Amino acid sequence: MDWTEIKIKVPTEATDEAAAIANMAVSHGIYIEDYSDLEQGAMEIAHIDLIDEELVKSDRTHSIIHIYLSKEVNPKESVEYITERLSALNIEHEVCELDISEAEWENNWKQFFKCTEIGKRLCIRPSWEEYDNKDNRVVLSIDPGAAFGTGTHATTSMCLEALEKLVTPDMTVLDIGSGSGILSIAAILLGAKDVVGVDIDPVAVKVAKENAELNGVSNKAKYILGNLDEEITDCYDIVVANIVADAIIFLADSAKKHMKKDGYFLCSGIIDIRAEEVEKALCEKGYTIIQKMTHDNWVAFLAK
């Protein structure tokens, strides 16, 4: 299958807002080129100070957000939506689209996804990368394919760090908008008894099942295609939703119906300018916020 790539060029200071808009336009197939902190990132991630000359010459004032659409999707609608939202926020932008082959798409995003240590116990390992597990971490091997969720983004890493502290043996977890399955699989590897993921994207459900098999936990993980209230009837110790602000507000009542009496609601994917609105909505719907987490320009809430 070939793909349409949409490239969104924005000033680096607007990267998070633009990425949030891009995530609302497409639920999978997104990566960001941002070289504004190239030297610092090279030291923190790769532990090197020798950087390719071509990268050194990269534009440090702008970032480029890439999203990918299958041929069945009309890119015109996505481009119009992104352009309209960026203009409404007065964000300087350039948006263009081009066709690429599946092989090119595979190579484009894989080069930006490396082993990532998260919290005190976890490491997210791309299925094609080697990892020297000298600290005896819990290693989650993942191939996100065309599904959203690699663990490298702040929204996902905050959820993973929270799950690391929350999950205890015999807990059950519901993952709303499960994407690549990274959060639910991590929950099992951290000790959860079983998990259920639900997503409206058939590609995400397929990829999540494959990742559960890759990590040897498919006997404890169930992934369902469909809407939350139509497909889920049980209650869970932890309900997690790493989606976007509007979806969290919309699904908050449904999430509460699927929580056990002393259960937790962990939600992320909230750009900081929407955090107050989400917090207010959660409180109005009967939640008590017990922790607010921030990373870069993103916010996550842990609630009961």
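Bear in mind these aren't lab numbers, they're just calculated from the coordinates by the rules spelled out. Just so it is clear, the structure is predicted and the values come from calculations on it, not from any experiment. Cβ atoms come from the backbone with ideal geometry, glycine included; neighbour counts cover every protein chain shown.
Some points to look at:
- Summarising the amide proton neighbourhood of Ser178: residues at separation of 5 or more, or on other chains, whose placed amide H is nearer than 5 Å comprise Val198, Asp199.
- Karplus (6.51, -1.76, 1.60) ³J(HN,Hα), θ = phi - 60°, over the stretch 290-304, in Hz, Gly and Pro reported as x: 10, 7, 10, 10, 10, 7, 6, 10, 10, 10, 10, 10, 10, 9, 10
- For the stretch 272-287, 3J(HN,Hα) per residue [Karplus equation, 6.51 cos²θ - 1.76 cosθ + 1.60, θ = phi - 60°, Hz, x = Gly/Pro]: 4, 6, 9, 4, 4, 5, 5, 4, 4, 5, 5, 5, 5, 8, x, 8
- Distance between the modelled labels on Asp253 and Ile200, one decimal in nanometres: 1.7 nm (7 Å Cα→Cβ projection).
- Size of charge dipole - the stretch 116-303 - debye, nearest 20, with Cβ of Lys, Arg +1 and Asp, Glu -1, no other charges: 440 debye
- Label sites at Arg60 and Val139, each approximated as a point 7 angstrom past Cα along Cα to Cβ, lie 3.6 nm apart.
- Shown is the FRET efficiency for Lys304 and Glu129, computed with R0 = 45 Å from the Cβ-Cβ distance and rounded to the nearest 0.05: 0.75.
- Other residues with beta-carbon under 15 Å from the beta-carbon of Ile249 carry, at +1 per Lys or Arg and -1 per Asp or Glu, a net charge of -2.
- For the pair Thr233 and Cys283, a Förster radius of 35 Å applied to the C-beta separation gives a FRET efficiency near 0.85, rounded to the nearest 0.05.
- Rounded, prolate or oblate (a/c below 1.5 giving rounded, otherwise prolate when a/b exceeds b/c) for the stretch 138-248 by Cα gyration tensor: rounded
- Residues whose placed amide H lies under 5 Å from that of Asp143, excluding near-sequence neighbours: Ser127
- A cut-off of 5 Å between modelled amide H atoms, ignoring neighbours fewer than 5 places along the same chain, links Ser63 with Val10, Thr12.
- Cross-link pairs Lys9/Lys76; Lys165/Lys292; Lys76/Lys206; Lys220/Lys261; Lys256/Lys285 - those with Cα-Cα distance over 20 Å: Lys76/Lys206; Lys220/Lys261
- Residue-wise HN-Hα coupling along the stretch 243-255, computed from phi with Karplus coefficients 6.51, -1.76, 1.60 (Hz; x: Gly, Pro): 10, 9, 4, 4, 5, 5, 4, 5, 8, 4, 5, 5, 4
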